Every structure is written in C-alpha cells, then in structure tokens.
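Working notes, beginning with the structure itself.
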Amino acid sequence: MKALAARRRHPAAIALLILVGLLVTGGAYSFAAPKDANASAAAADTVAQGKTLFLANCASCHGTGAQGTNEGPSLYGVGAAAVDFQMSTGRMPMTSPNVQAPAQQDIKFTSDQIAAIAAFVASLAPGPAVPDQQYTTVIEPGTQENNEAIARGGEIFRVNCAMCHNFAGAGGALTRGKYAPPLQGIDPVHIYEAMVTGPQSMPVFSDTNIKPASKQQLISYLHAIENRPEQGGMTLGNLGPVSEGLFAWTFGIGILIGCAIWLGKKAA
Amino acid sequence: MSTINEERPADALRAHDAAARRDHEETRPLGGIAGWVDDRTGGTKGVSTLMKKVFPDHWSFMLGEIAMYSMIICLLTGVFLTFWFIPSMTQSPYDGSYVPLQGVMVSDAYRSTLDISFDIRGGLLIRQIHHWAALIFVVAVFCHMARVFFTGAFRKPREINWVFGTILSLLACIEGFAGYSLPDDLLSGTGIRAMNGFVQSIPVIGSYMAYFIFGGAFPGELIIPRLYSLHILLVPAALVGLFTAHILLVFLQKHTQYPGPGRTNNNVVGYPFMPVYIAKAGGFFFIVFGVIALISAVVSINPIWGYGPYDPSPITAGSQPDWYMGFADGALRLLPGFLEFVAFGFTFSMNIFPGSILLLPIMWTIIGIYPFVEKWVTGDDREHHLLDRPRNAPARTGIGVAGIVLYSVLFFAAGNDLMAIKLHLSINDITNTLRVLFFIGPPIAYWITKRICLSMQQYDRDKVLHGRETGTIWRHANGEFEEIHAPLTPRERWHLVQQEVQEPFVVTETTDAHGVANPVARKDQWRAKLSHFYFKDRVDPVTPAELEAAHHAHGPALATEPTETEAAETEASEPAIERH
C-alpha cells in the first residue's frame, strides 16, 4: 500500500485510473447488458420485418417513426412487453377509436409477427422485455410452502389490484367509460406484462414496486382462485352485494310472491 | 295420607257447593290435556276467540307473512351461527382448510366465519340461509309496507301500527347492517370504515362520536364485539318485541279487507284462523323456509373467503352495502364534493353528512308521519277496515310512486359502477343522469301515476255504464256495425262503484264577524290547498241513476243479468263473516 500511496501523484496515475474505470464499466456492462445469442443478421432481419409490419399496421396512429400522433401515444421506451401484451390480447390494432381498447378473441397476427414488431419497438429505446418463463410459471397449491406463497400473492393482489379489478378479479368501473377488465382466464405472461407496462389506465407496477417473485405469487393466486370449486354455489358474477340484492328482489321475492298467489288461490 | 278429599261432617252444610262443582266438571268445555291446562290457566276463552278469528284471504296480505317467516328463519339460523362465531379482533395466522389464505394474519371473527364456512358441517349452508333470509326479510318488509300504503290500510285505527311497522323496517335495516359488519372480511371492514367516516361527518361532534363508538381510533379492537352485542341481543329483542305488538294489534283491530260484495267496515269476510288459516300460514312458513333454503343451497352469498381479511389499506371494486343500505350509499355517490366547507375552525362535510346520517331519520320520519298528514288533509275521523283500490286514491298512489322513484334513484346510484361496466356506459354520465332524475323523477312519476289512476277510474266508469267489450261485432240490417257489450253482473260491478270520492275542502270564512283575520282559518287555508292538491282531479263512481239512464239508452240488455238473489247465492261460497 505504501508503494501505491507514494505513486498516487504520478502523472500517469490519472490516465491509468480512467482506463481501469472504463474497463470495469464496459466489462460489467457487457455482462449485464441484454444479449441476443445471434445478435447479427437474424436479429437485424427481425427488426426490419417488424418495421415493415409496423409501418403497415401501426403507423397510422403511432406515427411512422413510432413517435406518436394525436391518435396514439409514442412507443419509445414501452418495450417488447407492451407490444406483446397489446397485440397478443387483441387490444391492438384498435378496432375503433374509443376511451379504451377492449381485449378481443380474434388475434390478427401470428406470434412471430408480434415478436417482430416487438423487436422493432424494443430497438427504438430500452423498455421492459417479454418476461422470463421463470416468473410466469404458476405455483400450484399442495405443499405448505406453495400454499403460503399463493396466500401471499392474495395479499399483494388485494392491496394493489382489487380496488379496480375487484376481489375476485371480476373487473370494475373506472371514470368516463373506462374500466378494469376481468382477470379470469388470462395468460400468466399477459398479467405479468400488464403489470410491468401499465396498459391503458393501469399504473405500472415495476420490479421495484412488486418484485418478480411476488408477481409470480400474485399470478398464482389468481390462478388458484379461478380453479377452485365454488363452495357457495353460483357466484352471481362475484360482483358483491349489488348482484345479491338484485337476486333477492327478483328471484327471491318473486318466487315467494308466486307461492303466495298460488296459496291465496287455493280453496280452504 | 291425605285428608283433603275425605268427607267431613261440615260438608253437609255446603251440599249445593258440591253440586256446583259437579256441574262445572260436567259442563267443562274441554277434557284431557286441554282441560288440564284450562283448569290451571283459564286460557280456553281467549284461545277460542283467537282460533275463531277470521282472516281475509289475499296473496298481498301474505307479504307481511314472508317478512315474519324470514325473520324467524334468521333467528333460528342465527342461534346456530352464535355457537361458532367468535366476535373478537385478535389477530393470528390462518391455518384452516381454505388454501389461498393459509398463513395470512386474520382476526378471530374472520377465522371463525371461515371455519363456519369450510370446517363446520353444514355451516356454509346455514350461513347462506341466514344471509339470504336477511335480504329477503327486508325485501318483504318493504313490499308489505308498499301494500299497506297503496291500499290505505294505515288509516284510522291503524296509524299506530303503521308507526310500529316504520320503526320495524328501520330496525331491520340496522340489524342487517350490524350483521353485515361482523365477519371482518374486506367488504364488511370497508363498511365499518365507511360508517366511521359517516359518524365523523356529523358537524362539530363527529370525531368525538367516532371515538366514542369505536373506543378510540379506527379500527381499534372493540367495534366488532360491540356490533355483535347489538346484532344478537339489543336489536333482535327490539325487533321481536315490537313485532309482537305489531301482530297483536292486527289481531285486536282485525285485518283489513279488500272491498267486495258483503264486505263492510263492520265485518271481516274470510276463513277462521283454526283450522284453515293456521294450516295455510303454517304451510306457508315451510314454503318460505324451503325456497330460502333452496336459494341458499345453489346461490352463493357474501363469499367472505374471496374478500380476504380486513386490513385498512386494501379496498375492492364493487364495495357496496347490502341492498337495504344501498340508497344511503347512492346518496353519497350523488352528492357533489364541493359541498364540503370549513367554518369556525370546523369542517362541515356536507358532501357526506346529508346522505349518510341525515337521510335515514328524514326518510323514516316522512314515512312514519304520512298517515297523520293525510288524516289532517282529509279531516276523515272514521274507522276504515275496507281497503282502497290504489286507483281510487290517485294522489296518494302518485305520492307513493314518487317516493319509490326517489328511493330507486338513490338505490340505483349505489350500483353506478356495475351499471357502467355491464351496460358499457360512462359512470360519470350515469351519476349525472341520476342527479337530474333525483329532482325531476319524482314529480314526473307523480304526474304520470295520477293520470294513469284517473284514466283507470274513467275506464271503470265506462265499463259500469256500457258493460264489458265482448269482441262480437254485429252488423245491423241498415249496414251499421256495432260491438256488443255484455253488462256486468252486480258482483263484478260492486268493485267498480263502491268507492267514495272526496271533494276538496274549501275555506269559506277567513275573517270573523268583525272582519279580523281568523288564525284558525289560516291553518284551514293550508289544509284547503293540500286538499285541492289531493282531490281536485277526481272521477265520480257511477250512481244508480246514471246506470239506469245508461241501460235505457242501450235498450234491452243483450245478456241476461243475474238477479240480486242469484248474486247473493254466489256470496254463500264465502264461508265466514265476523261482525265487529
């Protein structure tokens, strides 16, 4: 240490320090940076194909450079996850201008085409990528560890999601005709992507807000409650007391009044 | 060895006492167990009166029965639930059989409700019967109230019973709300949180009241035990007590009946309690229990396991109270936020207070005093045991429908979010529309209802004068077409001509002999104005003279009318008439 301390004012020290700093940063980056195994001709082709598809199908609203227009937002930094979510659930391309893009059964693009557009949009600016399978695999109930992970996911769901999507994921209303859609029967990948990209009116739940492992627990909770038998019978849409009140006022009292009329008509 | 029944010499002096006792033994009305009970209670006379009591038969009189039976079902199933429910807010991790909650911290109240639902045999069914019966109880109470209102059954001598009923309906809602708050799931906790906010919105004393009720800051650990005491002890006792008085008055005052031939203000036409009514009513209890049990077996209600345990940070979309508190929730949703202001260092939450706290006493006071207002306007001090057909009291029916519309606007506002999703509408548009409807809906409803009532009366009048349309068209020799009208039988006609029509009250003297304004007359002027409002539009029932004239105008009747004796014979099928 003494020898190093003695040379710290050497004219070459500063240059050496900068060199070391650059090497460390660059080296660390090369390890941390998202890599494509065949980051060469194939990737470039995908991006080019994506660009062609983009210009043909998306540019009229999002602009030829994805910079956004009055009709649609800029796509810089939305990442591949946003493209995959919006297009694989049929929300994009939007069928008609409205307050919100509804999910559709009829998907207009193949998964390869969607991946190409996603690659093109991701090439414009960094953004969240399509999630790893590691975090979109559903935890099945069975062991105590798994059960508690699912229950933990339930707590995260109630704190962060239930205020819009309802306790059972049945969906809920937002202002001016917008709504939080139901969460039953949704691909785990899409739930994950929605959390990291915040589509439509939804806020972004980044990995800092909810860790990837917690997202996995949340997805597993939704899966678990969806696949449980309904102990109580018909759920009436899991919409809370409104549908129960409606049922009491229609079927409940209706059947009883019917019986009363029948009994009233009965001769003594 | 007993000496009581042995002959004593002195008995000879009281020989005729023994004869009287023998007489009593022989003429005793009942033998066996009933006689044994009668000897000790003397209840035969009262019970016999009760058993011979005549009740009129109509399905709408059974709405109150539905309410009564669902209340009894709630009491029975409620007892079962108290065996297992633990009204405590002490927290511990859940380890029961519902997997998606394992390891989550829950209160004893929530855990015991989960245990009732999943780990106690038959518990979920009983819980669902309890909840469905509670909802149907209040529905039936409101339907019964509407029936009593629209038929004018609240008139003298039944005003007190109307007030009892009004209080009962309020108690039913309070009882329901207390029960809804007990399981300590996310929904019920949100309800308690809302209640906490409502209490705080009371000007000046609100925060003190909230601390008083919750025993400190929200949520504390006291509110569920306190609501539990109210729910299983105080409110049910008040409900059952008042309900007993309610039904006792029905027995004392006798049941009202719809007008009809042979039915007067001085009799009741129907069937005796024993054996007919007791069988019908007893059977109906089992029908009600059966229907509610069936609903509870197939339709889920309040799936508390889905809501999760209460925790002040989460909230779920679709957080609404049970339907009977919905109108107050709706009022809150309609009240604009800008009504809140600060004055004298206090916050006046007029965006919350009127809907949450003020609305309930106002609504139930208006309902409770209505019979007295109507009595003041009509000045009618006679007893009424015959019901009005709603069309024959157009103003009252109009007021009732306007009230229902006002209530419904608030009621539907509580579900504005669900209407928005299910109907693909904007929640803002729905709220604004309902705000407008709150003001213009009731007058429009009043006007339309009154017009419909009047036109129905007019139709009745035409029917009496010209008979029923037969759909048979005759062509006369001169080429003229005519539809044949069949005259009504006296029995059919009775319903259409029996009502009395009141003229508006007119003030003649507003000053006394010396030209000084009379203060009593000023009150009368108010009465006259209201009377004008009630009775200015009216359709008089057909008089016998008019009927006679119409018959002459139509020439000889085409169908033969039954004679009065024939009509009376058809009456004979009514088996029992009880005179007052």
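The values are calculated or read from the model by the stated rules, or taken from the named source; none is laboratory data. Remember, predicted model here, so these are calculated numbers, not experimental data. Quick reminder, even Gly has a Cβ in these numbers, built from the backbone with ideal geometry, and neighbours come from all protein chains shown. We work out accessible area using only protein heavy atoms, side chains counted, and drop any ligands, DNA or RNA first. Shrake-Rupley method; radii C 1.70, N 1.55, O 1.52, S 1.80 Å.
When you scan region B:168-189, do you find a residue that is surrounded by fewer than 22 Cβ atoms within 10 Å (Cβ to Cβ), among the polar types (S, T, N, Q) and away from chain A (no Cβ under 13 Å), even just one? The answer is yes; a qualifying residue exists. Exactly one residue out of B:PHE285, B:PHE243 is of a type in the set (Phe, Trp, Tyr), within 23 Å of A:ILE261 (Cβ to Cβ) and either part of a helix (DSSP H, G or I) or open to solvent by less than 40 Å² (accessible area, probe 1.4 Å) (or both), and it is B:PHE285. When residues in region B:526-543 are screened for being part of a loop (DSSP other than H, G, I, E, B) and open to solvent by less than 80 Å² (accessible area, probe 1.4 Å), 6 of them pass.
Residues of region B:132-184 being in a loop (DSSP other than H, G, I, E, B) and among the polar types (S, T, N, Q), which ones? Within region B:132-184, B:THR151, B:SER181 qualify.
Figure legend. Inter-residue proximity from region A:142-166: first residues at the interface with another protein chain (Cβ under 7 Å from one of its Cβ atoms), second residues part of a helix (DSSP H, G or I) and β-branched (Val, Ile, Thr), beta-carbon distance below 7 Å, spacing 6+ or different chains. Indicated pairs: A:ASN147/B:VAL99; A:ILE150/B:VAL99. Taking region B:202-238 as the range and being within 23 Å of B:LEU171 (Cβ to Cβ) and not in a helix (DSSP H, G or I) as the test, the residues that pass are B:ILE202, B:LEU222.
Among the residues of region A:192-199, at least one is surrounded by 20 or more Cβ atoms within 10 Å (Cβ to Cβ) and either within 7 Å of another protein chain (Cβ to nearest Cβ) or not in a helix (DSSP H, G or I) (or both).
Restricting attention to region A:143-177 and to residues that are open to solvent by less than 60 Å² (accessible area, probe 1.4 Å) and part of a loop (DSSP other than H, G, I, E, B), the residue that is nearest to A:LYS211 (Cα to Cα) turns out to be A:CYS161. Just so you know, in region B:33-72 the residues that are in a loop (DSSP other than H, G, I, E, B) and under 28 Å from B:ARG21 (Cα atoms) include one that is farthest from the other protein chains (Cβ to nearest Cβ), and it is B:GLY42. Among the residues of region B:73-100, count how many are assigned to a helix (DSSP H, G or I) and open to solvent by 60 Å² or more (accessible area, probe 1.4 Å). Count: 5. Which members of region B:30-59 meet the condition of being exposed (fewer than 11 other Cβ atoms within 10 Å of the Cβ) and aliphatic (A, V, I, L, M)? Matches in region B:30-59: B:ILE33 only. Screening the candidates A:ILE257, A:ILE186 for the property of being assigned to a helix (DSSP H, G or I), on the phi < 0 side of the Ramachandran plot and either open to solvent by 20 Å² or more (accessible area, probe 1.4 Å) or in contact with a Phe, Trp or Tyr (Cβ under 8 Å, 6 or more places away or on another chain) (or both) yields one hit, A:ILE257. Of the numbered criteria (1) at the interface with chain A (Cβ under 8 Å from one of its Cβ atoms); (2) touching a Phe, Trp or Tyr at 6+ places or on another chain (Cβ under 7 Å); (3) of a type in the set (A, V, I, L, M, F, W, C), the one B:PHE285 fails is (1).
Residue count for region B:316-351, restricted to those that are under 28 Å from the mean Cα position of the chain (by Cα) and in a helix (DSSP H, G or I): 12. Across region A:242-266, the number of residues qualifying as at the interface with another protein chain (Cβ under 7 Å from one of its Cβ atoms) and modelled with pLDDT under 90 comes to 2.
Rundown of residues vs (1) more than 14 Å from chain A (Cβ to nearest Cβ); (2) within 29 Å of A:LEU174 (Cβ to Cβ), yes/no style:
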position	(1), (2)
B:ALA281	no, no
B:VAL291	no, no
B:LEU294	no, no
B:TRP305	no, yes
B:ALA328	no, yes
B:LEU339	yes, yes
B:PHE346	yes, no
B:PRO354	yes, yes
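If you go through region A:223-241 one residue at a time, how many are in contact (Cβ under 8 Å) with a residue 40 or more places away in the chain, more than 7 Å from every other protein chain (Cβ to nearest Cβ) and of a type outside the set (D, E, K, R)? Qualifying residue count, region A:223-241: 2. Within region B:262-282, the residues that satisfy the criterion of being assigned to a helix (DSSP H, G or I) and surrounded by fewer than 17 Cβ atoms within 10 Å (Cβ to Cβ) are B:MET274, B:PRO275, B:ILE278, B:ALA279, B:ALA281, B:GLY282.
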